[in-house]
1. What tally of residues in segment 348-361 results from selecting those that are in a helix (DSSP H, G or I) and of a type in the set (A, V, I, L, M)?
2. Tally the residues that are under 26 Å from residue 182 (Cα atoms) and surrounded by 14 or more Cβ atoms within 10 Å (Cβ to Cβ), restricting the search to segment 91-112.
3. From the set of residues in segment 119-143 that are among the hydroxyl-bearing types (Ser, Thr, Tyr) and assigned to a loop (DSSP other than H, G, I, E, B), which is surrounded by the fewest Cβ atoms within 10 Å (Cβ to Cβ)?
4. Of all residues being part of a helix (DSSP H, G or I) and aliphatic (A, V, I, L, M) in segment 144-154, which is surrounded by the fewest Cβ atoms within 10 Å (Cβ to Cβ)? Just the residue, please.
5. Tell me, please, whether a residue that is among the aliphatic types (A, V, I, L, M) and under 23 Å from the mean Cα position of the chain (by Cα) can be found in segment 153-172.
6. Would segment 370-381 turn up any residue that is at pLDDT 95 or above and more than 21 Å from residue 53 (Cβ to Cβ)?
7. Looking at the structure I just gave you, is residue 261 crowded, with 18+ Cβ neighbours inside 10 Å, more than 11 Å from the ligand (Cβ to nearest atom) and hydrophobic (A, V, I, L, M, F, W, C)?
Amino acid sequence: MNRAVVWFTKDLRLHDNETLCRAIDSCDEVIPLYCLDEEVFNKTTFGFQKTGPFRKKFLYESLLDLNEQLKSLGSGLILLKGKPEVVIPEFTSKYYVGKVFTLSQFAPEEIKLQQKVESELHKVNCQIDTFSTQSLYDKKDLPFSVAQVPEVFTSFRNKVESKSSVRTTFNCPSNIKTPPIDATSQLELYLEINNYSFTADSRAAMQFKGGESEGIKRLHYYLEGSHAIETYKVTRNGLIGERYSTKFSPWLAMGCLSPRLVYHEIKKYEKQHLANESTYWVIFELLWREFFIWMMKKHPNQYFKLNGISNSQTLLPKNDEASLLKWINGETKSDFVNANMIELKLTGFMSNRGRQNVASYLCNDLNLDWRYGAAYFEQQLIDYDVSSNWCNWAYIAGVGNNPRGKSVFNIEKQANDYDSDKSYRKLWLENVHNQLKY
Ligand code: FAD
């Protein structure tokens, strides 16, 4: 009997999941598995949690949805708790599994963990096979090697757009043959996950819910459902509500939505309805996400250092905990920064315009170490994504891929340009703050 485990990580979906499809095609029986490693809730060296409550809830909802989707195909999700390099080999030995299928990681911590699991699996005669399911382009289709990925976004974009194409998506499997597994020990974990629930502040841009069902719903709503994509380029710098931008980011980050599905759905929309600058601009933004994925792959450890990928020595920033706390709590001298930081604190989300401004403020006005800002975002963001977060922060701090050096925003001007009637600031600063319920 040829038996495989599909180890889900940042690919919590059935659609366009090459890892799952390859396992089903090549093995008689497939066991879908997720490993909840308590490590992801620990603190980082910067003193913040790796995963705050908003993303924890989103993750749990995504796991419950994945379990439901799998059950509808005659299978189900096995949940293990513990260190993956310990519990996964234990599991594969117990159930005579010959191969583990999983996604190919591109960030250093995740790669290190995967390598540990791989070496422990080898000890119990189990192989591991990996597939790239997080990026728009497959590594093999890039017009350059990873070592030669262009350092400037425009050059990257021009090359991939002219020389590469986005692969078609994999269909959802129609059924999965899974052997009987003693899942009683996982019941407690499911109960823990099921009971983790709270509502974000009612002023939130959106009440996000994890899972591929919700991700696909949002995708269809933003395209055929509301046609909001046709005005994206005009609205994308907005600050209030669910319409101004796609809000695909949390589902993309957790792998509940495949970037290739988003790409091909936009292409289909353009053929059936309208192709304009706005419909293209969503793809343009997805290329930023893509650029940072390959940048992190190219410079695996650099983006977490004070000097990032730059060769020049950065002036030592101030070590000023009081200023950092004021920034976090929305108590700085800038009301625009404060409104954004309060939104982030109470909802786990902030617009792209807001993120750029608060990051610039931390780096340039407060002169703090940008990595504390990035680490707080890592804890707080519902859509935290290792490469998008750290590479964007490094970009603004002037130690990443910005050919012009630092991004220094005139916050007053930005507030006047994007919140001229102060409605955004009033929304977050004048209303009584709801308490977080969790
Ligand atoms: P839209 O404007 O609708 O864009 C569509 C998609 O394109 C997004 O979902 C996202 O996948 C991608 N995208 C858009 N802008 C960027 C960008 N600048 N970099 C990379 N991808 C982009 N995005 C994350 O997904 N996770 C993060 O942890 C993250 N941290 C950030 C930190 C800073 C300091 C900054 C300036 C930006 C960060 N971004 C991050 C990028 C961007 O702000 C968010 O992707 C976007 O605001 C999410 O909302 P949306 O899905 O409505 O985006």
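The values are calculated or read from the model by the stated rules, or taken from the named source; none is laboratory data. Here the structure is a predicted model, which is why all the values come from computation and not from measurement. Note that we place each Cβ from the backbone using ideal geometry, even for glycine, and neighbour counts take in every protein chain shown.
1. Going through segment 348-361, the residues in a helix (DSSP H, G or I) turn out to be 352-361.
Restricting the remaining residues to those that are of a type in the set (A, V, I, L, M) gives 358-359.
The total comes to 2.
2. Going residue by residue through segment 91-112, those that are under 26 Å from residue 182 (Cα atoms) are 91-103.
Then keep just the ones that are surrounded by 14 or more Cβ atoms within 10 Å (Cβ to Cβ); that gives 91-93, 95, 97-103.
Residues in segment 91-112 being under 26 Å from residue 182 (Cα atoms) and surrounded by 14 or more Cβ atoms within 10 Å (Cβ to Cβ): 11 in total.
3. Taking segment 119-143 and keeping what is among the hydroxyl-bearing types (Ser, Thr, Tyr), we get 119, 130, 132-133, 135, 137.
Still in the list and also assigned to a loop (DSSP other than H, G, I, E, B): 132-133, 135, 137.
Numbers: 132: 19, 133: 24, 135: 21, 137: 21.
Result: 132.
4. First, pick out the residues of segment 144-154 that are part of a helix (DSSP H, G or I): 146-148, 153-154.
Checking which are aliphatic (A, V, I, L, M) leaves us with 146-147.
On the way: 146: 12, 147: 7.
So the residue we want is 147.
5. Step one: filter segment 153-172 for residues among the aliphatic types (A, V, I, L, M), giving 160, 166.
Checking the rest, the ones that are also under 23 Å from the mean Cα position of the chain (by Cα) come to 160, 166.
Yes - at least one qualifying residue is present in segment 153-172.
6. Quick first cut of segment 370-381, residues at pLDDT 95 or above only: 370-381.
The next check asks that each one be more than 21 Å from residue 53 (Cβ to Cβ); those that pass are 370-371.
Within segment 370-381, one or more residues are at pLDDT 95 or above and more than 21 Å from residue 53 (Cβ to Cβ).
7. Details: crowded, with 18+ Cβ neighbours inside 10 Å: yes; more than 11 Å from the ligand (Cβ to nearest atom): yes; hydrophobic (A, V, I, L, M, F, W, C): yes.
So residue 261 fits the description; yes.
To keep it simple, each residue is scored yes or no on (1) within 16 Å of the ligand (Cβ to nearest atom); (2) at pLDDT below 95.
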| residue | (1), (2) |
| --- | --- |
| 247 | yes, no |
| 267 | yes, no |
| 271 | no, no |
| 286 | yes, no |
| 294 | yes, no |
| 316 | no, yes |
| 340 | yes, no |
